[in-house]
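Single-structure report; data block below.
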Amino acid sequence: MTKRRLDDLGIFGGKPEFQEPVHVGQLNLPPWERFEEAFRGIFARRYFTNHGPLVRELDRRLAEYLGVRNVVCVTNGTVALMVACKAMDLHGEVIVPSFTFPATVQALSWAGLTPVFCDIDPQTHNISAALAEPLISPRTSAILGVHVWGRACDPAGLQRLCNARGIRLFFDAAHGLGCEHDGISLATWGDLAIYSFHATKVFSSAEGGCLATDDDRLAERVRTVRNFHVAETFDRVPLRINGKMTEAQAAMGLLSLENLDHWIRRNVELYRRYAEWDVKESVGAFVDYAGSQRSNHQYCIFDVDPARLGISRNQLLAVMRAENVLARRYFYPGVHRLTPYNLLFPDADLSLPATIAISERLLQLPLGDGIDLGTVDRITAIMEICYRHAGELRVRMEPTIQQ
Amino acid sequence: MPAFTYAGLPHLAQWAGLRPRFCDIDAFTHALDPKSVAGAISNETSLILAVHQVNSPCFVAEFEQLSATSGVPLIFDSVHGAHCTYRGRPIGGFGLAEVFSLHATKLLNGFEGGYVTTRDGGLAEVLRRQRNFGIIDDGVTAGIGMNAKLNEIHAAAALACLDGLDGLVERNCARYRAYSDAFTGIEGLDWVRYENNGEQWNYEFFLLEVDDDFPLSRDQAVEILRGENALARPYYSPPLHRSQHCPDFVSTPELPVTERLAQRFIQMPVGESLLPGDERVLAELFRFMRGHAPDIHAAFSQRRNP
């Protein structure tokens, strides 16, 4: 039965719209038969890890897909960033957005580096050369840009800036597999880019990640840092780690690659369905992060402007949670407000106004293999109720829900 | 920490912002020597990282005592102590915490992976959030964590191995006995024993010891084995403080026992892909080396100076 009134909402005692939780992550799975076949192969070869044949094939196939000379697969995206820092032998300070997943910044801390938080452009949700330039100091060794939602973070501008100032540039493209900027794969901008293959991403190896670079020498250093094996030592590096991807992860990754185009098409289809509702109601809140660029559309980001929708992001989140829609407020509250960075940089708020404003407005809604067009329609129906009855909703929620 | 161990250890200490300080080992057990550690403790020491060897647990009681009196926390690298006991109690319940591996070459094969055991419920809570970026609630972190999550596929493999563990240890033991029988009576060779003292072992390795009166060097013997596709390896050699793969900052103290033992052992092929009878074939190869030592020396030197 379609919900029509506020009393139908779960938050006011109505039956939740979904019996099972609806997740925001992609959670795409290959067909079972293909999975079984791949794992029979692993068992027959008895080759489980240590740069096995499937990992080497995935390195090759991804390099081809991403249009880059070298891909090195690793345990996960966080390890990829840690490996990148040591392969580039970075020191001192690295300029990085606060509007990102905590791992972006934590990886710098593990590598002994000091993050310098850069504010974002409220239109793109990304840092830019203009915002980063004033933060460069004599201690700065690199800028780590994040292509948030897979939308390019001013790579050409940042490259010009880094060249002029003699510092390194690398990118966290965890969201960006299959995305391009000016027709060029995100993998080839900067000295290096990292990707994540976490199960919530459009391309999944259960957990996993990779580093991509056109610089062959840097790739050798990356290959050296990601393991302790004497036989896999190609250069002198400051520190090493066991960041090897396994054959099980690589098998999942190779199957993911087979289905990637299908999943991207599905994401676009679901995203458009959300956007149709948005256009109909003129709320104008679904972030068109693709624009004219090629994107994987793995995130559906809803920008809640209380002046237009009538309620705040946190109010909409509370409504969604009560319906069993596990929407998420990425990236709230901004890494600079998370421990330990809030203690290390207590004044960071002053220089990050756009980060704070945006982190209080965005809501990530479900996409991916687990949902269909009908699920989208049921979610937008809930938003419709919120929008139609915003005034009354505000009054009824205000005692309990923080604005 | 010891230098007669896994190559990754000093790197991992450095990732955690710590500086390794290598200590010497005991000549019989190959495990970290408590006297050497006691002499190395300073007011900058933040941790004792003791390593259980496959043939012997650490000096657990001595280290727990040292940890209590010095106030320096104690952690065990128990990768090779999985399934073993110390004074009748399973390895895993000692010190502040113990660390194990799920690498494919280990007793439990989770492709890659590992686990930490601790009696300390508070520490376990911290570890659970640390492995997930330090997140406590809805994206809010309590401190710097990382992505150290074990995925379901790797966990499924390790769980299946756990179900078959007893059989696996029995087969390891059978291979160890077959090796022992095959190598009995070859002059100049000995092997590391799993003592018959009531403790439980995993019989993971067969470690051959090349004595001074074997006519070839340890490294020559390894080279000959590898030439026959028997992928034997020098055991913990070179020791970490002499390795060019060790991080730069590490000082190189004198570790006489470590340096002597690092030249003596061969880690022989083991595991489920070793076929019955392979042990005898390998022993024959060593008898051949003994019997043809002068010719082998001549061939090696001719290869060096053709």
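The values are calculated or read from the model by the stated rules, or taken from the named source; none is laboratory data. On a predicted model such as this, the values are computed, not experimentally measured, just so you know. Here the Cβ is made from the backbone with ideal geometry for all residues, glycine too, and neighbour counts use every protein chain on show.
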>> Between B:I186, B:I153, which is within 14 Å of another protein chain (Cβ to nearest Cβ) and modelled with pLDDT of 95 or more?
In response: B:I153
> Which one of these is within 15 Å of A:V94 (Cβ to Cβ) and assigned by TED's automatic domain parsing to the domain that holds A:C73: A:L177, A:L158?
Replying inline: A:L158
>> Which condition from (1) more than 14 Å from every other protein chain (Cβ to nearest Cβ); (2) buried (at least 16 other Cβ atoms within 10 Å of the Cβ); (3) over 22 Å from B:I91 (Cα atoms); (4) among the hydrophobic types (A, V, I, L, M, F, W, C) is the one that B:I144 breaks?
In response: (1)
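Assess whether B:S36 counts as being away from every other protein chain (no Cβ under 14 Å), in contact with a Cys (Cβ under 6 Å, 6 or more places away or on another chain), among the polar types (S, T, N, Q) and over 24 Å from A:I241 (Cα atoms).
So B:S36 passes the test.
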>> Looking at region B:238-266 only, could you name the residues that are polar (S, T, N, Q) and either over 14 Å from the mean Cα position of the chain (by Cα) or within 11 Å of chain A (Cβ to nearest Cβ) (or both)?
In response: B:S243, B:Q244, B:S251, B:T252, B:Q263
> Of all residues in region B:134-168, which are in contact with a strand residue (DSSP E or B) (Cβ under 6 Å, 6 or more places away or on another chain) and not in a loop (DSSP other than H, G, I, E, B)?
Replying inline: B:I135, B:T141
>> buried (at least 20 other Cβ atoms within 10 Å of the Cβ), in contact with a helix residue (DSSP H, G or I) (Cβ under 9 Å, 6 or more places away or on another chain) and among the polar types (S, T, N, Q): is that true of A:T188 in this structure?
In response: no
>> Residues that are at pLDDT below 90, at least 1 per element: which helices (runs of 4 or more DSSP H) completely within region B:237-306 meet that?
In response: B:293-304
> Would region B:214-230 turn up any residue that is under 30 Å from B:R19 (Cα atoms) and either more than 14 Å from chain A (Cβ to nearest Cβ) or not basic (K, R) (or both)?
Replying inline: no
> Of these, B:A298, B:A221, which one is of a type in the set (A, V, I, L, M, F, W, C) and free of Cβ contacts under 8 Å to residues at least 24 places away in the same chain?
Replying inline: B:A298
> Do the conditions hold for B:A7, that is, is it within 14 Å of another protein chain (Cβ to nearest Cβ) and within 12 Å of the chain's Cα centre (by Cα)?
Replying inline: yes
>> As an exercise: evaluate B:V37 against (1) in a loop (DSSP other than H, G, I, E, B); (2) touching a strand residue (DSSP E or B) at 6+ places or on another chain (Cβ under 8 Å); (3) more than 18 Å from B:T117 (Cβ to Cβ) and give the number of the one condition it does not meet.
In response: (1)
>> Within region B:10-28, take every residue that is crowded, with 17+ Cβ neighbours inside 10 Å and at the interface with chain A (Cβ under 9 Å from one of its Cβ atoms) and give me the one that is nearest to B:S243 (Cα to Cα).
In response: B:H11
>> Out of the residues in region A:211-236 meeting the condition of being within 22 Å of A:G190 (Cβ to Cβ) and within 11 Å of another protein chain (Cβ to nearest Cβ), tell me which one is surrounded by the most Cβ atoms within 10 Å (Cβ to Cβ).
In response: A:V225
> Does region B:261-282 contain at least one residue that is basic (K, R) and touching a Lys or Arg at 6+ places or on another chain (Cβ under 9 Å)?
Replying inline: yes
> Listed residues B:G121, B:G93, B:G114; which is surrounded by fewer than 23 Cβ atoms within 10 Å (Cβ to Cβ) and within 14 Å of chain A (Cβ to nearest Cβ)?
Replying inline: B:G114
>> Cβ-Cβ under 6 Å, sequence separation 6+ or interchain: first residue in region A:181-206 and more than 14 Å from every other protein chain (Cβ to nearest Cβ), partner assigned to a loop (DSSP other than H, G, I, E, B) and among the aromatic types (F, W, Y). Which pairs?
In response: A:F203/A:F197
> Restricting to region B:121-148, what's the tally of residues that are of a type in the set (K, R) and over 21 Å from A:F331 (Cα atoms)?
Replying inline: 1
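Look at A:R139 and say whether it is buried (at least 20 other Cβ atoms within 10 Å of the Cβ) and of a type in the set (D, E, K, R).
Details: buried (at least 20 other Cβ atoms within 10 Å of the Cβ): no; of a type in the set (D, E, K, R): yes.
It is false that A:R139 is buried (at least 20 other Cβ atoms within 10 Å of the Cβ) and of a type in the set (D, E, K, R).
So that you can scan it fast, the table gives a plain yes or no per residue for (1) of a type in the set (G, A, S); (2) in a helix (DSSP H, G or I); (3) away from every other protein chain (no Cβ under 14 Å):
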| position | (1), (2), (3) |
| --- | --- |
| A:P238 | no, no, no |
| A:M252 | no, yes, no |
| A:L257 | no, yes, yes |
| A:H262 | no, yes, yes |
| A:R265 | no, yes, yes |
| A:V268 | no, yes, yes |
| A:V283 | no, no, yes |
| A:Y289 | no, no, yes |
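Taking the options B:R175, B:R193, B:R171, name whichever one is out of contact with any helix residue (DSSP H, G or I) (no Cβ under 8 Å at 6 or more places or on another chain) and outside any loop (DSSP other than H, G, I, E, B).
From the options B:R175, B:R193, B:R171, the qualifying one is B:R171.
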